[in-house]
């Protein structure tokens with residue numbers, strides 16, 4: 001439960017000492033330092049029905065992933081959260097990886113009629129409203145190796161200050177270090193023909209990954225409207241791939257990160273059973289697919305309509321439609337340059353918390369189709385399971401996804417939650 | 001009884017004149033105007049008695065049981081802030097089952113306007129506005145619907161006093177309330193309140209077809225601050241599915257000095 005904290009100094013070391021002095025103080029027990037340990041372990045197996053397009057690619061991958069969370073909170077409500085992540089993958093050496101998802105100090109207090117909050121350390125931040133794609137979400141790097149849906153994120157070092165009140169929420173971010181995107185290894189699926197030289201990312205900035213990025217966001221909720229406006233200035237999270245050679249002279253793709261400037265808006269209007277969603281960005285400084293600098297705009301917008309308690313049962317069924325557009329057209333560095341996403345969500349509201357989301361992305365310019373399926377269900381109060389699939393029934397030869405055309409997969413996961 | 005009787009009587013009048021005869025033997029209902037005024041008066045009186053609490057925090061445990069006797073447990077904490085002249089602000093944080101631990105729900109309920117709801121999903125670090133149209137939807141897979149979880153606002157029902165009845169050694173008024181919201185899952189509810197303190201002891205819920213769907217019984221009432229009564233246990237039985245949910249309250253504390261800042265979208269991410 002949120003509790004009120006007392007304002008204090010700014011330097012991280014001072015914060016640490018101030019926040020946890022009670023932990024080493026003899027009165028610690030009386031002051032009540034809370035400790036909480038939670039998390040999940042998942043066993044997963046991914047199966048690709050078709051053999052890979054490139055030599056060495058595996059048809060099956062098994063693995064285990066753990067994400068424990070350690071939480072400390074003192075009597076003043078200041079807290080420290082530590083969330084390491086580890087995955088072992090039997091097929092792809094790159095997918096066996098470790099990350100610190102979270103390691104941050106949190107403090108907050110009153111500021112006038114409103115409130116301030118400061119998070120310092122490694123944290124995750126989400127911006128956005130749409131379902132099929134997260135356009136404006138830029139603070140954290142994508143942990144692409146985890147899942148091609150781009151929803152898994154790497155921990156990002158940051159100082160994140162929030163100021164909120166009746167007038168809305170204003171946030172500023174100082175981002176001192178760039179995390180390079182995780183990418184599949186040579187035995188992994190869902191990649192380009194040439195292997196990625198992930199250990200040697202290239203940067204436009206002379207400061208390389210130490211360029212100090214800044215971001216800001218204003219958001220508010222007015223009646224049925226929830227909206228946000230954001231700005232980012234710094235190193236792109238999306239790599240451009242430069243062909244080259246590695247240390248032994250073999251051809252590789254070097255991830256290259258430009259300096260970009262991005263404006264973004266995201267909004268949702270929730271009226272009865274309707275949710276209307278929009279995300280739009282304008283980005284400058286990035287290269288297009290031909291390697292040429294091009295300022296561009298992109299958007300994803302659509303709706304979700306829910307039929308509550310259908311057919312006299314407890315189940316809710318939603319239909320979703322979203323249009324993805326990228327102003328660069330065929331020079332877009334994404335597959336979603338002009339694509340329609342249609343999906344349905346089924347939630348029977350049962351004891352097991354079952355949920356199913358099935359969707360198809362139709363490419364308006366080409367014959368490409370991408371089908372997605374996500375199914376989650378609790379087995380007991382501690383164990384749960386998931387089935388996920390991405391199917392590529394047809395990928396046009398001109399599509400950026402063409403090298404992955406044989407990489408449809410099914411994934412079965414078993415989770416232990418503690 | 002009288003009401004059920006008169007409904008049955010009108011629809012079955014031709015086929016079963018005897019039903020009508022049996023009903024006529026029952027005491028006549030109070031004249032409509034008076035019964036409505038009295039029902040509304042009881043509801044307003046009950047609200048007035050509950051006003052001024054300021055804020056409270058509490059824990060809840062839900063035991064879900066299906067027809068076969070299989071059980072599943074839900075644990076959550078909540079904090080509630082009174083908004084004078086309007087509804088409440090409520091924040092729920094889920095602890096069990098563990099796969100949804102840390103999920104938090106923020107609700108601004110309003111006397112007349114639609115409620116506003118935001119859901120925080122910790123796995124995605126995402127705060128999502130959700131529709132408040134889902135009134136009849138199940139809360140966490142339990143037999144409690146969303147609309148059963150909040151305080152029933154007086155303005156969202158029309159009332160009719162039905163009769164006095166005995167309830168567990170006390171005398172209760174039985175009032176019918178009809179939701180004005182067309183998205184409610186109920187056609188009407190019958191509420192048993194004791195005449196001493198207007199505590200609710202039982203609610204019968206009738207579905208849109210008019211069938212008796214669920215019964216809520218309240219017990220283990222305790223008084224707080226020498227004024228406010230809260231049931232320690234609430235049992236909801238679904239007569240159609242045979243499932244039931246027992247909701248137990250614990251650690252109820254008033255006067256926590258909460259304010260609007262404890263009920264924000266930013267605070268949702270901190271809730272745990």
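Data table
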{"item": "Residue in segment A:283-290 that is out of contact with any helix residue (DSSP H, G or I) (no Cβ under 8 Å at 6 or more places or on another chain) and more than 23 Å from residue A:201 (Cβ to Cβ) present", "result": "no"}
{"item": "Residue in segment A:182-200 that is surrounded by fewer than 21 Cβ atoms within 10 Å (Cβ to Cβ) and in a strand (DSSP E or B) present", "result": "no"}
{"item": "Out of A:100, A:169, A:125, sole residue that is without any contact (Cβ under 8 Å) to a residue 60 or more places away in the chain, surrounded by fewer than 22 Cβ atoms within 10 Å (Cβ to Cβ) and touching a helix residue (DSSP H, G or I) at 6+ places or on another chain (Cβ under 7 Å)", "result": "A:169"}
{"item": "Identity of the residue in segment A:103-116, within 9 Å of chain B (Cβ to nearest Cβ) and either outside any strand (DSSP E or B) or in contact with a helix residue (DSSP H, G or I) (Cβ under 6 Å, 6 or more places away or on another chain) (or both), that ends up surrounded by the most Cβ atoms within 10 Å (Cβ to Cβ)", "result": "A:115"}
{"item": "Residues being within 12 Å of chain B (Cβ to nearest Cβ), crowded, with 20+ Cβ neighbours inside 10 Å and part of a strand (DSSP E or B) - total across segment A:297-315", "result": "2"}
{"item": "Strands (runs of 3 or more DSSP E) contained entirely in segment B:201-272, each with at least 1 residues that are over 30 Å from residue A:77 (Cβ atoms) and not assigned by TED's automatic domain parsing to the domain that holds residue B:48", "result": "none"}
{"item": "Tally of residues being touching a strand residue (DSSP E or B) at 6+ places or on another chain (Cβ under 6 Å) and within 15 Å of residue A:48 (Cβ to Cβ) across segment A:393-418", "result": "7"}
{"item": "Count - residues of segment B:54-89 that are within 18 Å of residue A:382 (Cα to Cα), modelled with pLDDT under 90 and more than 11 Å from chain A (Cβ to nearest Cβ)", "result": "0"}
{"item": "Residue among A:414, A:373, A:356 that alone is surrounded by fewer than 19 Cβ atoms within 10 Å (Cβ to Cβ), within 24 Å of the chain's Cα centre (by Cα), within 30 Å of residue B:68 (Cα to Cα) and more than 13 Å from chain B (Cβ to nearest Cβ)", "result": "A:356"}
{"item": "Verdict on residue B:187 being within 14 Å of another protein chain (Cβ to nearest Cβ), surrounded by fewer than 18 Cβ atoms within 10 Å (Cβ to Cβ) and either part of a loop (DSSP other than H, G, I, E, B) or at pLDDT 90 or above (or both)", "result": "yes"}
{"item": "Options A:386, A:318; residue that is surrounded by fewer than 19 Cβ atoms within 10 Å (Cβ to Cβ), at pLDDT 90 or above, within 14 Å of chain B (Cβ to nearest Cβ) and touching a strand residue (DSSP E or B) at 6+ places or on another chain (Cβ under 8 Å)", "result": "A:386"}
{"item": "Filter result (away from chain B (no Cβ under 11 Å), part of a loop (DSSP other than H, G, I, E, B) and surrounded by fewer than 20 Cβ atoms within 10 Å (Cβ to Cβ)) within segment A:150-166", "result": "A:150"}
{"item": "Selected residue (criterion: surrounded by the fewest Cβ atoms within 10 Å (Cβ to Cβ)) from residues of segment B:173-184 that are in contact (Cβ under 8 Å) with a residue 40 or more places away in the chain and in a loop (DSSP other than H, G, I, E, B)", "result": "B:181"}
{"item": "Residue match in segment A:195-205 (condition: out of contact with any helix residue (DSSP H, G or I) (no Cβ under 7 Å at 6 or more places or on another chain) and without any contact (Cβ under 8 Å) to a residue 24 or more places away in the chain)", "result": "yes"}
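The values are calculated or read from the model by the stated rules, or taken from the named source; none is laboratory data. In this text, all values refer to a predicted model and were calculated from it rather than measured experimentally. FYI the Cβ positions are ideal-geometry reconstructions off the backbone, even for glycines, and counts take in every protein chain you see.
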